[in-house]
Amino acid sequence: YYQLGRQQDGQKMLARCLDEGRAALDWYRAHPDQASSGGATLARRKAGYDEAFVSMRAIALVESELDRAPNAAIACDISDIGRAAGWDLFARGFTAARAGDTATASADLGALQAIVQQPLGKEDMPTQTDYLQIMALMLQGAIAQSKGRSDEAIASASEAARRYQALPFDFGPPAPVKPPHEFVGELLLQAGRPKEAMAQFDLA
């Protein structure tokens, strides 16, 4: 919806997912005998919901310029999702950098880089560290661009794109939320280099 310019539909879907997830958790709390059906505890169900919402909100922050501020302000519990919190830090940092708030973006980058150093959990996908590193590089690029350092931004984003290109193919939407080649293309356009930008968009 956001990519199609259907802003209101995107916002309605985000709000609906948030409301339905909360309602489901409230139902499980009211029916503790059902909370562990299928082998999942209430805590595990909540963590799954929190991680799903982090992913959805991250997409909204990256794709939606009009509602970035209110979407960033939505309360989101990342205390129970382990290293997946890196996706939230990237999206919030990316939003802050785009708004010129490089202090907040840099703080989010520091927290994201700290997560990169943490070991993989039992249920983490093997490529998770790669994705976290890629998002950290893109956030570095967004911060550099916000500070007017275009060449540095392009170099950082290009390294993210190189690493992403080297990973095994994944099904589904881009795991780093923002496709790295797309980001490089946008930075090149801003730098007045449209032919190089087109090549990056083609790769994306």
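The values are calculated or read from the model by the stated rules, or taken from the named source; none is laboratory data. If you're wondering where the values come from, they're calculated on a predicted model, not measured in any experiment. FYI the Cβ positions are ideal-geometry reconstructions off the backbone, even for glycines, and counts take in every protein chain you see. Each accessible area value is taken on the protein alone, full model and side chains, heavy atoms only, with ligands, DNA and RNA left out. Shrake-Rupley method; radii C 1.70, N 1.55, O 1.52, S 1.80 Å.
Observations
- Charges were assigned to the Cβ only: +1 to each Lys and Arg, -1 to each Asp and Glu. The resulting dipole of segment 17-118 about its Cα centre is roughly 200 debye.
- Taking only the alpha carbons of segment 62-204, we obtain Rg and Dmax values of 14.8, 45 Å in that order.
- Couplings for segment 67-78, taken from phi via the Karplus curve 6.51 cos²θ - 1.76 cosθ + 1.60 with θ = phi - 60°, read 10, 4, 4, x, 5, 5, 7, 5, 5, 9, 7, 10 Hz in order; Gly and Pro are left as x.
- Working note: Karplus 6.51/-1.76/1.60 with θ = phi - 60° gives segment 109-125 the couplings 5, x, 5, 5, 5, 5, 5, 4, 6, 6, x, 4, x, 4, 9, 6, 6 Hz, where Gly and Pro are set to x.
- Mean accessible surface per residue for segment 39-138, computed with a 1.4 Å probe while every protein chain stays in place, in Å²: 44 Å²
- Long-range lysine pairs (8 or more apart or interchain), the chain, Cα under 27 Å: 8
- Only the Cβ atoms of Lys and Arg (+1) and of Asp and Glu (-1) were treated as charged; on that basis the dipole of the chain about its Cα centre amounts to roughly 100 debye.
- Estimated purely from DSSP H runs of n ≥ 4, each contributing -39500 (n - 2.57), the mean residue ellipticity at 222 nm for the chain is -22500 deg cm²/dmol once divided by its residues.
- With θ taken as phi - 60° and the Karplus curve 6.51 cos²θ - 1.76 cosθ + 1.60 applied, the whole-hertz 3J(HN,Hα) list for segment 8-25 is 5, 5, x, 5, 5, 5, 4, 5, 5, 4, 4, 5, 5, x, 5, 5, 5, 5 Hz, x standing for glycine and proline.
- Axis angle, to the nearest 10 degrees, between helix 150-166 and the longest C-alpha principal axis of the chain: 60 degrees.
- Portion, in percent, of the accessible area of the chain that falls on carbon or sulfur, probe 1.4 Å: 55 percent
- Legend: Rg and Dmax of segment 34-111, from Cα coordinates, 14.2, 47 Å.
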